[in-house]
Every structure is written in C-alpha cells, then in structure tokens.
1. For segment A:1-40, what is the convex hull volume of the alpha-carbon atoms per residue, in Å³?
2. Take the Cα radius of gyration of segment B:26-111 and divide it by 2.2 N^0.38 Å, with N its residue count; two decimals is plenty.
3. Compute the length gained on full extension between B:THR178 and B:GLN74: take 0.36 nm times their separation in residues and subtract their Cα-Cα distance, giving the result in nm to one decimal.
4. Please compute the volume of the convex hull spanned by the alpha-carbon atoms of segment B:328-391 and report it per residue in Å³.
5. Under 18 Å from the Cα of B:LYS29, which aspartates and glutamates turn up, not counting those fewer than eight places away in the same chain?
6. At a 10 Å Cβ-Cβ cut-off, how would you order B:THR331, A:THR29, B:THR156, fewest neighbours first?
7. Reachable aspartates and glutamates from B:LYS271, Cα under 15 Å, same-chain residues fewer than 8 places away excluded?
8. Take every DSSP beta bridge with both residues inside chain B and express the antiparallel ones as a percent of the total, to the nearest 5.
Amino acid sequence: MQKPPEFYRGPVPYAEGFVELPEGVRVQTLFTDCNLDDLRVSMDVELVIEKLHEDEEGNEIVTFKFRPATSNKGRSGG
Amino acid sequence: MRRLREVAIAGVGLTRFDVYDGEKGHASKEGYELGMEAILKALQDANMEWKHIQAAFCGTVYQNTGSGHQAIDQIGMTGLPIVNVENACSSGASAFRLAYQSIATELYDIVLAFGYEKMPRGFIRSTAWPLWQRQMGFNVQPANYAKEAVRYMKETGATEEDFARVTVKNRKNGALNTYARFQKEVTLDEVLSSRMIAKPMRLLHCCPLADGGAAIILCSRNKLKSRSKVVTVAASVLNSGIYGSETGGTGSTGGGGSVRIHNDIVELSAKEAWKVSGYGPEDIDVVEAYDTMAPGELWDLEKLGFCKKGEAPHLLGEGAFDINGRLPVNTDGGLMSRGHPLGATAAAQIIEIYKQLRGEEGPRQAPGNPKVGLAHCMGTGSNSVITILKR
C-alpha cells in the first residue's frame, strides 16, 4: 500500500501478505527489513517482533512481522 | 426444495451515479433522496402506484439506521413492512433476493427491492474486521485485490496490461451510459501510467466512488401491467463465507497447499445458480461481472464458468467480452465506469441485465436479441450473489 488506510499508523509504503508456515498454517502479516519491491512469491522469510506504532499515550505497540530469511524458516504465499 | 412461483420484474429505476456533494457543479442530494428518486422512477416504469407495493427491502451499507424507512418516508408510509439489508457490496442484490423469495413463496404479489448510498470518501471502508487487523493495515480493498492479482499473474501468466484492458473496455462501454459516473474512454497507457495504489493495482484499476440509487419492482406474473417482453427471475442465489478464505471481498480462497479444503465461493454460487436455473454458461447472452477492481472481472468470468482458468485475458484481448463480442460483459461500463455506491451497485447490475433482455439499451444494446443474462456481485464478509434473468 502506498498510502495509509484508516487506523494504520505505521510507515508507508508498506507491504502485507501471507506467510505459509511449514505446518501448513498461513499467517497474514506485515513485511519489514527489506526493499518492498524485492518481495517475491515463495521467498523464504523469518519472524521478527517489532514496533507497529505508538498509541495516544505514547506507548509502543509491538507486533509480529516477517522479513526475508537469513536462514530457512518459512515461505511467503504472496 | 418446494416448487416456487414464477417472479417477474415489473419495472426498474436508476439515478445517475455521480457525486452529490453540491461541489464543483455537482448537485447536492441526500442518500435517501437518491433512494426515493429511484423508487419513483421504478413505479413509473412499472405503471404501478405506491399503494400497490406490499413490502420493501432496502440495501445500504454506510447510511444511518432505517435507511429504507428514510427513503420511503419521502413517498409515503403506508404501514408496509420495510427491512433494511446490509450485505456489503452485494446489499442491493441481497435485497432483491429477499423480495424475490417473498413473491416466489406467495407471501406477497408486488414487492420493492432497492438500494442507495451516499459514499464516504477515501478507500472503501470496512468495519468487517477487528480493529487490530485494521491497525495492522490488513484487509484494505485495493491491497486484497493486489494480493489476488499477484497470485493470478503467477498462476496464469496474466499481465498488468491484461488488467488495464478490463478498464479500457469498461470505460469504453461507460462512455455510452449517460447514468455512469465516468463517461469518458481511457487508453491503455493512461491506465498503466496512473498512480500506484497497491502494487500492481493502479488508480485506474479501481472503480470510482459514486453516490446513487437503484430500484426494482418485482411481482407475480398476473400482476404485470404489460405482457410485452416479460423478464422473469431464473435464479437468485447467495453464498456467504467459506472457511479457509484468506480475504473478505475478492473471492479469493486458500491458494493451494494443505489448507485448501473448500471450494471457491464464486464457483460455489455459480454451481448453485446453474442448478437452480437449469441453465449453463453456454446459455448466457449478457453478463454483469464484478469489476470493483479491474482484474476481478477476469477471474470472475473464469470462476463463473464462462471460460477456463487463465483464458479470460486472451478472450478479452480478442474482443470476446465487448458489446459486439461473443459474450458482452459489463455493457453499462461496470463498476469501473458506473462507480460504486455500495447499496445500489448490485441492483444496478440487475437493472442492466433486465434492460438488455428487453432490448432497451440503445447504443450499448448487445446484438443478437439476448434472452438470458447473469449478474454477479461480491461483498466483504464474504458474499457472492448471482442473479439470472430470462426473457
């Protein structure tokens, strides 16, 4: 997404998609730590926990995200 | 299932789909006024009086409580039952389905189905998902379609140009529709150079926002005021939600692997529509497909069974889906030209099929005297609704 939709207060542009875990479960997720144009279907990715945004009181809200793998852990589904 | 009574369409009414905010030369109208306008036109078209209407179903999404009541209050509260129907983008056809059922089951003889919307600006807003998902930036309409488009490109070899050709075709048809929001053709280059919204979806792959109203009066055959060119309902089916779907509004399902355990919702509703109507894809003469985002029309046509998976881009390129093609699709310009007032859209699709079957579409009339037509709409949630009309 090039522009932030309602309620989203993270950085833009941003990329979201699905990661298929080895067990077959798929997780909808944000992607991070990469050039968004380099994301490809079926690339290996890995889990990270990082800041989503700060809420009204300045508290840091953290979330799961995935980034291109530095080791083989999961697979992006698009 | 028990045998149902035949249900005919008595008359239809449509407002122009436009921006009614009173700015830049646009008229200023409330949503309920658009609903009222569509109803009055439908009454006139049906040659019926308001007192003949026995029940009303109103599709809206973003209007306030009692949306149908507000519109009908402009005409006259007669004590008739009014039920408001919210089924996202498929609300108008869902209201139509309830009206159809109430006549088919002989509860009433003459029923109004209508829908209207005065749209909020910006991305189509959905409250269908938990707040945390929206804070994560998930389930934004163009992004949902972008994900499906990426998968479709990988699986079928379709290109961004194929998607752009849907817009070009529909905007060309829309240029012949004086009730469309956009009545101007666009070129392939204009689509492909328009602003990126969610890669690979560009601005001109997205249907425009619009406000508008659409109304349909249905009745039992014996209540029709005219017996010429009678159009009846051959199927009105709705499926909502399939476990395992990734997203709400695109018709996408699990993309393979171990989690694909159910059919696609569009394929499921198509299967039901063919079964109920007794028709198959080869019997359909004119189609309103769901082009809220341009590529959606391609996989819609494939899932409905009009061609095999991956064939739609090629057929589109050959002109098969043009007004003069083998299977005219979105002869009124589709959502891409008409715009998308959520509550009215699916009813407007049915109206286009009705008028095509009656040969009333003038410059955009599909040739060959079409006898059977199909309208398909999706809605967040998810919903897939198919209406088949026959003459």
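1. Working: hull volume 3.4 nm³, N = 40.
Here the figure is 85 Å³ per residue.
2. Ratio of Rg to 2.2 N^0.38 Å for segment B:26-111: 1.07.
3. Residue separation times 0.36 nm, minus the Cα-Cα distance, leaves 34.9 nm.
4. Cα convex hull per residue, to the nearest whole number: 78 Å³.
5. Here the aspartates and glutamates satisfying the reach criterion relative to B:LYS29 are B:ASP18, B:ASP21, B:GLU37, B:ASP73, B:GLU117, B:ASP211.
6. B:THR156, A:THR29, B:THR331
7. Partners found: B:GLU282, B:ASP283, B:ASP300, B:GLU302.
8. That works out to approximately 75 percent antiparallel.
Computed from the coordinates by the stated procedures, all read-outs in this text should not be read as laboratory data. Because the structure is a prediction, the values reported are computed rather than measured. Positions of Cβ are generated from backbone atoms using ideal geometry, with glycine treated the same way; all protein chains shown enter the neighbour counts.
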